[in-house]
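Notes for the one structure printed next.
Derivation of every value follows stated rules applied to the coordinates shown; laboratory data play no part. These numbers come from a predicted model, not from an experiment. FYI the Cβ positions are ideal-geometry reconstructions off the backbone, even for glycines, and counts take in every protein chain you see.
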Amino acid sequence: MALALLRARPRGAALGSSKAASLHWTGERAVSVLLLGLLPAAYLCPGPAVDYSLAAALTLHGHWGLGQVITDYVHGDVPIKVANTGLYILSALTFAGLCHFNYHDVGICKAVAMLWSL
């Protein structure tokens, strides 16, 4: 069963269309621009909506960035699958942790403001 999950893609399988890659690149740029707007919003009007938006955008931005590191530096079918699985687990735990912090503590915006006030 575990070997079936780690089985490599057939050699003749396509890696994806250039349209999908273009849409992915556009999505990455959109999240980056969204973060540029969220950071001043977090300073000017902190609140739960901005906290949860930051949690989602930061997690997605980090996930895509680390995914590129895996694409560039991890080689071999099994190591890539293991690294990608680890990345998905890390991203899910990061998002869950940030949401837990937002719900049960002061939130991302106020936490950063508290750090700045030290």
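Points worth noting:
- Label separation (V112 vs A96): 2.5 nm, computed from points 7 Å beyond Cα along the C-beta direction.
- The angle between the Cα long axis of helix 48-73 and the main principal axis of the chain comes to about 30°, on a 0 to 90 degree scale.
- Evaluated at q = 0.16 Å⁻¹, a Debye calculation over the C-alpha positions of segment 56-118 (equal weights, vacuum) places log10 I(q)/I(0) at -0.63.
- Distance (nanometres) between label positions extended 7 Å along Cα→Cβ at H75 and Y43: 4.4 nm
- The structure shown yields Rg and Dmax of the Cα atoms in Å, and of the options (1) 15.8, 54; (2) 23.8, 82; (3) 17.9, 58 that calculated value carries the label (3).
- A simple spin-label model places pseudo-atoms 7 Å from Cα toward Cβ; at N84 and L36 they are separated by 3.1 nm.
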